[in-house]
Amino acid sequence: MNPDALPTQLAELWRELRPLGGPIAHIFRTTYVDRWVRFHSLLDSKYPDSEDEYAIALERHNTILGELFTGLDVFVVTPDWSDTLTDPAGYPTPRAELHPQGIHWWTKSDQHDPEYYTHTRFYADGRPWRHGCIDALLRAAANEATVEVFLTDTALRRIHHPYDGGADVILTTPSERDALRERHTDWLSSHPSGL
């Protein structure tokens with residue numbers, strides 16, 4: 001996808017292929033519940049607090065990402081927030097440093113009261129998937145330094161959304177989800193809901 005055309009083409013593609021909602025990562029698991037699985041980065045969704053634990057968490061993320069995207073191009077999506085549509089990010093986030101090639105392609109505006117809005121702005125870039133290519137973003141997600149990050153193939157068929165305790169993954173079918181879940185049962189929650 002031509003970088004100049006990315007904002008328009010990606011937004012049109014999202015509306016066509018993901019009509020159930022915008023690119024709001026934390027709602028993917030409820031929007032696509034029949035194709036969703038959650039993997040924990042560490043036992044019991046523990047947050048990494050040592051380099052050894054970060055190594056385990058990154059390896060788990062990259063293993064799943066490799067199974068989803070090896071040989072494919074992906075979109076890497078990151079957000080920021082502001083009280084206005086055009087001002088710089090109003091909340092501290094390392095998005096610009098960790099994803100400088102991201103191009104603004106979507107804005108979701110929420111009105112909290114008659115005078116207060118939050119504008120979530122989404123940025124994306126396309127790149128070939130390779131092991132480790134987003135490790136800095138994965139670490140930032142594990143620390144909650146950035147949230148709502150996700151990767152998807154360029155056909156928007158599979159989605160990987162890292163969060164501070166692991167990743168929510170959306171697959172193409174329930175059977176594909178079940179197969180991935182079975183390959184990594186040690187990384188699943190023991191909670192009946194899968195959370």
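The values are calculated or read from the model by the stated rules, or taken from the named source; none is laboratory data. Values in this document were obtained by computation on a predicted structure and should not be read as measured data. Only protein heavy atoms, including side chains, enter the accessible area calculation; ligands, DNA and RNA are left aside. Shrake-Rupley method; radii C 1.70, N 1.55, O 1.52, S 1.80 Å.
Accessible surface calculations at 1.4 Å, restricted to protein heavy atoms, place the range 32-73 at 50 Å² per residue.
Taking Cα atoms only, the orientation of helix 6-17 departs from the longest principal axis of the chain by about 60 degrees. The stretch between Tyr91 and Asp34, if pulled fully straight at 0.36 nm per residue, gains 17.2 nm over its current Cα-Cα span. Pull out a ≥ b ≥ c, the square roots of the eigenvalues of the alpha-carbon gyration tensor of the range 95-195, then state rounded if a/c is under 1.5, prolate if not and a/b is larger than b/c, and oblate in the remaining case. Note, shape of the range 95-195 comes out prolate. With all protein chains in place and a 1.4 Å probe, the accessible surface of the range 58-103 carries 58 percent carbon and sulfur. In the chain, the DSSP-assigned H stretches of four residues or longer account for a calculated mean residue ellipticity at 222 nm of -8500 deg cm²/dmol, using -39500 (n - 2.57) per stretch and the full residue count as denominator.
For the pair Leu156 and Asp178, the difference between a 0.36 nm per residue extended length and the Cα-Cα distance amounts to 6.0 nm.
Taking 0.36 nm per residue of separation and subtracting the current Cα-Cα distance, fully stretching the chain between Glu67 and Asn2 would add 20.8 nm.
Rolling a 1.4 angstrom probe over the protein heavy atoms with all chains in place gives the range 82-151 an accessible area of 53 Å² per residue.
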